[in-house]
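Let me begin by presenting the structure, written as structure tokens, before commenting on it.
Throughout, read-outs are computed from the coordinates displayed, never taken from laboratory work. No experiment lies behind these values; they were computed from the predicted model shown. Glycine gets a Cβ as well: all are built from the backbone with ideal geometry, and neighbour counts include every protein chain shown.
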Amino acid sequence: MKSEKFLYFSDLHIPNHHEKTIDDIASLVSEHQPDHLICGGDVFEGNAASRWPSEAKHGLAEEYAVACDILKRLRCAAPKGCTLTWTLGNHDQNLLDQNRIPEALRKLCDWNANPTLFPEFGFWKQRKYEARKTVCGYRLGQLFFMHGFTAAQTGLTAQMYEYCPAWGALVTGHTHRPSELIQAAHCGIKLPYWRMSNGCAQDYKDTDKVHYMRRTSTANWGHSAIVGWAMPIKSPREGRYWDMQNV
């Protein structure tokens, strides 16, 4: 059985994305030539649409147009036949949920509703932002990819046990804090579960553009993407049939 390569990126928060990080991810896709390209969610910032007054200086159509351009650039850098997956994040899901947009307008704000204007989204298989393993993530062999639902360390460990298969690893974004590969342990005994957190592609240092960063500690935040390989096995195996690194 042949191993398959993947690249995972997340948390662009368009239009508050970090341009150089997007350039770096595109270069990494070209270099790595993954069989699976996985967007881990929070593609949109989502502050251009709300039932409440907003100070956003851009429109929702601009968020979608810029996202189309970026996703297309990454797709075109990938090899032909690459599987394209987008596990929605909380910021993405907010645009489709109650209390964010009036119900009568909600369908019009769905980024998939206008494939003529925004055709790129149709190339990506989208997974819902719900805490159900069958709908929220993407599995490649012993690896499980999703956006993530928690940022606390204890929550990240519990999340790993809930979603990670034995001898596998859970790959998530959401925290904006890139991590090394972390193995589970209990009473000093290492267990066959791992997790890795991606960084982000958001420009979190421009506080004029991202005003809420002024009250957020970003000391451990960073820009990154995760690359690696996995054997596309479906039955349980004892032993790791995968490897990856945070770039």
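Extents of the chain, taken as max minus min of Cα coordinates on every principal axis and listed largest first, are 53, 41, 34 Å. If only the Cβ of Lys and Arg carry +1 and only the Cβ of Asp and Glu carry -1, the dipole of the chain around its Cα centre is close to 700 debye.
One decimal place: the segment Thr216-Glu130 gains 28.4 nm when fully extended, by the rule 0.36 nm per residue minus the C-alpha distance. When the charge dipole of the stretch 1-75 is built from unit charges on Cβ atoms (+1 for Lys and Arg, -1 for Asp and Glu) and taken about the Cα centre, the candidate among His17, Gln33, Met1 whose Cα reaches farthest toward its positive end is Met1.
Only the Cβ atoms of Lys and Arg (+1) and of Asp and Glu (-1) were treated as charged; on that basis the dipole of the stretch 1-84 about its Cα centre amounts to roughly 320 debye. Mean silhouette area of the stretch 1-80, derived from the convex hull of its C-alpha atoms and averaged over all directions, reads 6.2 nm². Ranking Pro102, Phe149, Phe44 by Cα position along the charge dipole of the chain, where only Lys, Arg, Asp and Glu carry charges on their C-beta atoms, puts Phe149 farthest toward the positive end. Beta bridges per DSSP, both residues in the chain: antiparallel share near 45 percent.
Inter-label distance, Asn99 to Ala113: 2.1 nm, where each label sits 7 Å from its Cα along the C-beta direction.
Between rounded, prolate and oblate, where does the stretch 1-135 land on the alpha carbon gyration tensor, with a ≥ b ≥ c its root eigenvalues, rounded for a/c under 1.5, else prolate if a/b exceeds b/c? Prolate, since a/c reaches 1.5 and a/b exceeds b/c.
When you count the other C-beta atoms within 10 angstrom of each residue and take the mean per peptide, 239-247, 36-44 line up highest first as 36-44, 239-247. Plainly put, the stretch 114-247 has a radius of gyration that is 1.01 times its Kirkwood radius, both from alpha-carbon atoms, as the Rg/Rh ratio. GNM on the chain, alpha-carbon springs under 10 angstrom: the most fluctuating residue among Tyr212, Tyr161, Tyr204 is Tyr212.
At the listed q of 0.13, 0.22, 0.24, 0.27 Å⁻¹, the Debye profile of the stretch 42-121, built from one uniform point per Cα, gives log10 I(q)/I(0) equal to -0.43, -1.10, -1.26, -1.48.
Put one equal scatterer on each alpha carbon of the stretch 204-247, apply the Debye formula with no solvent term, and list log10 I(q)/I(0) at q = 0.14, 0.34 1/Å to two decimals. Results for the stretch 204-247 at q = 0.14, 0.34 Å⁻¹ read -0.58, -1.14. Each helix, a run of at least 4 DSSP H residues, gives -39500 (n - 2.57); summed and divided by the residues of the chain, these come to -6500 deg cm²/dmol at 222 nm.
Which residues in the stretch 223-247 have a backbone N closer than 15 Å to a point placed 7 Å from the Cα of Gln183 along the Cα-to-Cβ line? It comes to 238-244, nothing else.
Relative contact order of the chain: 23 percent, from C-alpha pairs under 8 Å at least 6 residues apart in sequence. With all pairs of different C-alpha atoms in the average, the Kirkwood value for the hydrodynamic radius of the stretch 50-90 is 12.7 Å.
Remark: relative contact order (the stretch 1-144) = 24 percent; criterion is Cα-Cα distance under 8 angstrom and separation of 6 or more residues.
For the stretch 119-174, the Cα gyration tensor yields ellipsoid semi-axes of 21, 14, 9 Å (square root of five times each eigenvalue, largest first, whole Å). Radius of gyration (Cα atoms) of the stretch 84-179, expressed as a multiple of 2.2 N^0.38 Å: 1.21.
Most mobile of Met231, Met213, Met196 per a Gaussian network model of the chain (Cα springs, under 10 Å)? Looking only at Met231, Met213, Met196, the biggest GNM fluctuation is shown by Met213.
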